[in-house]
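Here is the structure we will look at.
The values are calculated or read from the model by the stated rules, or taken from the named source; none is laboratory data. Nothing here was measured: the structure is a model prediction, and the numbers come from that model. Quick reminder, even Gly has a Cβ in these numbers, built from the backbone with ideal geometry, and neighbours come from all protein chains shown.
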Amino acid sequence: MPKSRGGREVVPMHPICQQTLINNFTNSELQRYGMDVESLLALPPVRKFVDWVANKDPDFNAPIAKKKR
């Protein structure tokens, strides 16, 4: 849950994964999902990203295009 929405728990996350979530979801949307990883993985943009990044090296990094809203 984003800090701006009352979240206090810090979850370690790879920068490219964090940037993908930030670019695809608002803080309100992330608040609704909370720590429900299965629900996030069921969403097409997240599933597509996870499938793409699964075979990359752990230290892989690439720019992520911002979602046009």
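The residue that is nearest to residue 48 (Cα to Cα), among those in region 9-19 that are exposed (fewer than 13 other Cβ atoms within 10 Å of the Cβ) and free of Cβ contacts under 8 Å to residues at least 40 places away in the same chain, is 13. Might you check whether a residue that is exposed (fewer than 10 other Cβ atoms within 10 Å of the Cβ), modelled with pLDDT of 85 or more and part of a helix (DSSP H, G or I) occurs anywhere in region 20-43? Yes; the residues of region 20-43 include at least one that is exposed (fewer than 10 other Cβ atoms within 10 Å of the Cβ), modelled with pLDDT of 85 or more and part of a helix (DSSP H, G or I).
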